[in-house]
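See structure below.
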Amino acid sequence: MSGQKGCETVASVSFPAYAVTAVCGRHIVVGGGGGAAKTGIRNQFDVYELYHNGTQTVGERVLSYDVGDYCITNMVGWPGAITAVSSRVTAPTISLAMGLEEKCAVVKLKPTLQTVKKDEILSQV
């Protein structure tokens, strides 16, 4: 593409990645691993939150989960509904269906919202 200066790396993973899915607009999930060979490379998925810090786009890992003996070979994710409980709004759930070699697992993640004070935000700028 003419006029494009290059791509921006926003995050890196520490394992072979075989599956990526986008969920909830600002979150992506990356899955993969070393398989059943016990090479020391975990079979896992990581959830990244994407945001812009004023200078560049950043992908911050907010969750890392070891799935056990089987490598994640494919994956699809979808957001759940935002619900209100006792007048407190909770974060939307994230559901994942993962191919784990000859198996399939479906998991539901229930993130929690954190309250950040105004002075904490200003100190990061």
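The values are calculated or read from the model by the stated rules, or taken from the named source; none is laboratory data. What you see is a predicted model, and the numbers here were worked out from it, not measured in a lab. Positions of Cβ are backbone-derived with ideal geometry, glycine not excepted, and every protein chain shown enters the neighbour counts. We work out accessible area using only protein heavy atoms, side chains counted, and drop any ligands, DNA or RNA first. Shrake-Rupley method; radii C 1.70, N 1.55, O 1.52, S 1.80 Å.
Applying the criterion of being open to solvent by 10 Å² or more (accessible area, probe 1.4 Å) and among the aliphatic types (A, V, I, L, M) to the residues of region 31-48, the residue that is farthest from Val67 (Cα to Cα) is Ala37. If you filter region 11-30 down to residues that are more than 10 Å from the chain's Cα centre (by Cα), among the aliphatic types (A, V, I, L, M) and part of a strand (DSSP E or B), you find that the one that is surrounded by the most Cβ atoms within 10 Å (Cβ to Cβ) is Ala19.
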